[in-house]
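Okay, so here's the structure we're looking at.
Just so you know, all these numbers are worked out from the coordinates, no wet-lab data involved. As the structure is a computational prediction, the values presented were derived from the model and not from experiment. Backbone-built Cβ (ideal geometry, glycine too); neighbour counts: all protein chains shown.
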Amino acid sequence: MKKLLIIVASVLASLGVVYFVYTTDTPEIRVVNLTQHSVEQVIVNLPSSRVSFSDIPSQSNVSIFYSKIQVPGQYHYLITLNQGQQLSGRCGRVRPHELGKLLTLIVEQDGQVTCKESSKL
């Protein structure tokens, strides 16, 4: 019984380490909605892939991971507010195999979009 407990604890600890490494290592895009309205949809096109978010409530944020396998380029975003207004633009730099990258798109109260690149490492 004691051996079984040790094995289960070891497996759970290993899974915890794998989860921590994955979430720290994998590139991520975060959208922060600072407006008084919900954001209907956010589409971010990367050179080798696309990510999308839907229904982001006012004063909240959401995140999504994306593949490290990319070609060089920029992030292109299209944000649709709940009133139908669309905000689009590009920002940041996408590079192949970026570890721990965090791109934060902040939808400001005045309808402007701020883009911040940082590292989670």
Report task. Could you tell me whether region 92-109 includes any residue that is free of Cβ contacts under 8 Å to residues at least 40 places away in the same chain and touching a strand residue (DSSP E or B) at 6+ places or on another chain (Cβ under 7 Å)? Result -> yes
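Considering only region 78-102, state which residues are farther than 20 Å from residue 120 by Cβ, surrounded by 16 or more Cβ atoms within 10 Å (Cβ to Cβ) and not β-branched (Val, Ile, Thr).
81, 87 - these are the residues of region 78-102 that are farther than 20 Å from residue 120 by Cβ, surrounded by 16 or more Cβ atoms within 10 Å (Cβ to Cβ) and not β-branched (Val, Ile, Thr).
So how many residues does region 79-102 have that are assigned to a loop (DSSP other than H, G, I, E, B) and over 11 Å from residue 39 (Cβ atoms)? Walk me through it before giving the result.
Filtering region 79-102 for residues assigned to a loop (DSSP other than H, G, I, E, B) gives 82-85, 95-100.
When the remaining residues are screened for being over 11 Å from residue 39 (Cβ atoms), the result is 84, 95-100.
Going through region 79-102 one residue at a time, the tally reaches 7.
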Query raised in the report: Checking residue 105 against (1) over 13 Å from the mean Cα position of the chain (by Cα); (2) crowded, with 17+ Cβ neighbours inside 10 Å; (3) assigned to a strand (DSSP E or B), which single condition isn't satisfied?
Result: (1)
**Report entry** Within region 46-78, considering residues that are touching a Ser or Thr at 6+ places or on another chain (Cβ under 7 Å) and part of a strand (DSSP E or B), the one nearest to residue 26 (Cα to Cα)
**Finding:** 65
